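Following this message is one structure expressed as structure tokens.
A short reminder: the numbers here are calculations on the coordinates, not readings from a lab. Since this is a predicted model, take the numbers as computed values, not measurements. Cβ placement follows ideal geometry from the backbone for every residue including glycine, while neighbour counts extend to all protein chains displayed.
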Amino acid sequence: MTACRVCAGPLRELADFGRQPLAQAFVRPEDLATEFFYRLVVGRCADCALVQLMHEIPPDKMVHEGYPYHPTNSTVMHKHFQDTAARWLETTLTGPDPFVVEIGCNDGVVLHTLGEAGVRHLAVDPSGITGVQVHEAFFNAVSAAEIRAEHGPADIVYAANTVCAQPDVASIFAGLEVLLAPHGLFVFEDPYLGEVLARTGFDQIYDEHFYYFTAQSVQAMANRFGMRLVDVERIPVHGGQIRYSVARRDSRLPAPAVDELLAGEESAGFADDTTFARFVSKVDATRDALLNLLTDLRGKGHSIVGYGATAKSATTANYFGIGPDLVPFVCDSTPSKQGTLTPGMHIPVRPPAEFADPYPDYALLFAWNHADEIMAKEKAFRDAGGKWILYVPEVRIV
Ligand code: TMP
Ligand code: ZN
């Protein structure tokens, strides 16, 4: 893929993370022979500035048929979604009989919370999550027309960690054109390129994050599809995201936050190749520092365990070359990951109970985006003399 997926402009390569497995393709030992690998290369569109992966994964290799959703078991994320719904109830949804649609509904917390307040709602998700009402389909012009015919126009169409994973954003915007009420909002939140660059958050880069949005690129994308970026908000989840609000072109004026963020992106030099070159050299410095630290600790006889078999740890482990020789196992609370091997580097995944049995000397916190929550939960590890190793924004022991 050498052309931009949104505007067909030319893509320029920015960073090459080499041969990678699919980040959520946890393998059973008997399936190792058929493991799929691809080359993880990031590029930027010379015309619309959208940063995106340069290669698409063939659909038959994708792990998930629908919108990728993986339970995080995070109380922080649960609260984030509850707060989102609560705020809309006080602001955007004060009109008569509002209707909210969520594309790829995560664990359904937003819609569930709205439902309890009596708001009409519907999830659009091909995998059909239970607990909230689901229209089992991808969101596009066809499903949007079906939904509109049955429920009427939507006041909010919401998507969390979903738009960045859908190379075919044109079909999402085609659906919005059909479904969104005249003053409705399309609200979506995804990892922010600015945070990736500012915090050397290289591990946000993996197959399921196809796009790395900025206010500049979302504005161009919205314009292209006859809409307008009208608000942006930083949200402190998953290592730093932006929540974008997009409306029909002439329905709303942009909030001042849009111009402020655009100006910040301009002065931070997101469009400069040197900005990315600096990022890549910082990633390589992190790799060297982390490998040195792990090798040194192992050489001195210390035990190390990984914590959180996250999707983003696939990029870390595979690009850095961290396998069971350095980290003998990783514990994770997701039952379906337990008993498997991590993608590519094949570190065994075990239940969290094994973390304390006995505690290792060091824990490599792959799930650094949940650091506060996990460190609080595992307070006894620190009390027993254990230390956490973190590597974003830089390698450190705490
Ligand atoms: P995420 O960063 O994509 O939300 O993934 C978080 C992973 O970390 C997920 O596999 C579950 C795991 N995890 C734990 O093992 N313990 C925890 O306390 C939390 C919050 C997550
Ligand atoms: Zn483009």
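If I take R0 = 25 Å and measure r between the Cβ atoms of Met375 and Arg87 in this structure, what FRET efficiency does the formula 1/(1 + (r/R0)^6) give, to the nearest 0.05?
Step by step, r from the Cβ atoms, then E = 0.35.
Which ordering of Asp60, Asp207, Asp372 is given by a fewest-first count of other beta-carbon atoms within 10 Å?
Asp60, Asp372, Asp207
Under the classification rounded if a/c is under 1.5, otherwise prolate if a/b is larger than b/c and oblate if not, where does segment 1-103 fall, given a ≥ b ≥ c as square roots of the Cα gyration tensor eigenvalues?
Oblate is the answer for segment 1-103, as a/c is 1.5 or above yet b/c matches or exceeds a/b.
Here is a follow-up. Taking the dipole about the Cα centre of segment 11-97, with the C-beta of Lys and Arg at +1 and of Asp and Glu at -1, give me whichever of Leu89, His78, Val51 is farthest to the positive side.
Val51
Quick check on segment 88-236: what are the equivalent-ellipsoid semi-axes from the Cα gyration tensor, as sqrt(5λ), descending, whole Å?
Computed over segment 88-236, the values are 25, 17, 16 Å.
Pick out which of Pro360, Pro182, Pro58 has the largest mean-square fluctuation in a Gaussian network model of the chain, springs linking Cα atoms closer than 10 Å.
Maximum among the listed residues: Pro58.
Still on this structure: Select from Val27, Thr275, Ala255 the residue farthest towards the positive end of the dipole of the chain; place +1 on Cβ of Lys and Arg, -1 on Cβ of Asp and Glu, and compute about the Cα centre.
Working it through, the farthest residue towards the positive pole turns out to be Thr275.
Given Ala380, Pro358, Ala314, which one lies farthest toward the positive end of the charge dipole of segment 231-385, if we put +1 on the Cβ of every Lys and Arg and -1 on the Cβ of every Asp and Glu?
My answer, from the dipole projection, is Pro358.
For Glu30 and Glu150 in the same chain, what is the full-extension length gain: residue separation times 0.36 nm, less their Cα-Cα distance, in nm?
Full-extension gain reported as 38.5 nm.
Under a Cβ-only charge scheme (Lys and Arg +1, Asp and Glu -1), can you give me the dipole magnitude of segment 245-369 about the Cα centre, in debye to the nearest 20? Spell out each step's value before the answer.
Values: 11 positive and 15 negative charges, 69 e Å.
For this selection, approximately 340 debye.
Could you tell me how many degrees, from 0 to 90 and to the nearest 10, lie between the Cα long axis of helix 273-299 and the main elongation axis, the longest principal axis, of the Cα atoms of the chain?
Roughly 30 degrees, rounded to the nearest 10.
Continuing with this model, one more query. Give, as a single signed number, the net charge of other residues whose beta carbon lies under 11 Å from the beta carbon of Leu229, with Lys and Arg counted +1 and Asp and Glu -1.
Net charge around Leu229: +1.
If you rank Trp388, Trp88 by fewest surrounding Cβ atoms within 10 Å, what's the result?
Trp388, Trp88
Which order do Leu193, Leu32 fall in if you start with the one that has the fewest other Cβ atoms within 10 Å?
Working: Leu193 30, Leu32 10.
Ascending number of Cβ neighbours within 10 Å: Leu32, Leu193.
DSSP loop GluC sites (Glu not before Pro) in segment 122-157 with at most 15 other Cβ atoms within 10 Å of their Cβ, which ones?
Glu136
Continuing with the same structure: Using +1 on the beta carbon of Lys and Arg, -1 on that of Asp and Glu, and nothing else charged, what's the dipole of the chain about the Cα centre, debye to 20?
Numbers: 32 positive and 50 negative charges, 113 e Å.
Taking the Cα centre of the chain as origin, the dipole is about 540 debye.
Using helices alone, I'd like the mean residue ellipticity at 222 nm for the chain: each DSSP H run of four-plus residues gives -39500 (n - 2.57), total over residue count, nearest 500.
Result for the chain: -9500 deg cm²/dmol, rounded to the nearest 500.
Give the aspartates and glutamates reachable from Lys387 as a straight Cα distance under 16 Å; neighbours fewer than 8 places away on the same chain don't count.
Excluding near neighbours in sequence, the set is Asp296, Asp357, Asp361, Asp372, Glu373, Glu378.
Moving on. Angle between the Cα long axis of helix 75-90 and the longest principal axis of the chain, 0 to 90 degrees, nearest 10?
With rounding to tens, the tilt is 10 degrees.
Also, I was wondering about something else. Suppose every Lys and Arg Cβ carries +1 and every Asp and Glu Cβ carries -1, with no other charges. What dipole size does segment 100-223 come out with about its Cα centre, to the nearest 20 debye?
280 debye
For Leu253 paired with Lys300, estimate the spin-label separation in nm (one decimal), with each label point 7 Å from Cα along the Cα-to-Cβ line.
6.1 nm
Using C-alpha positions alone, give me the convex hull volume of the chain per residue in cubic angstrom. Mind dumping the intermediate values first?
Details: hull volume 55.2 nm³, N = 398.
Dividing the Cα hull volume of the chain by its residue count gives 139 Å³.
Moving on to the next point. Pick out which of Thr84, Thr72, Thr315 has the largest mean-square fluctuation in a Gaussian network model of the chain, springs linking Cα atoms closer than 10 Å.
Judging by the Gaussian network model, the answer is Thr84.
Run the simple label-point estimate for Glu260 and Ala289 please: 7 Å along Cα→C-beta, distance reported in nm.
If labels sit at Glu260 and Ala289, their model points lie 3.0 nm apart.
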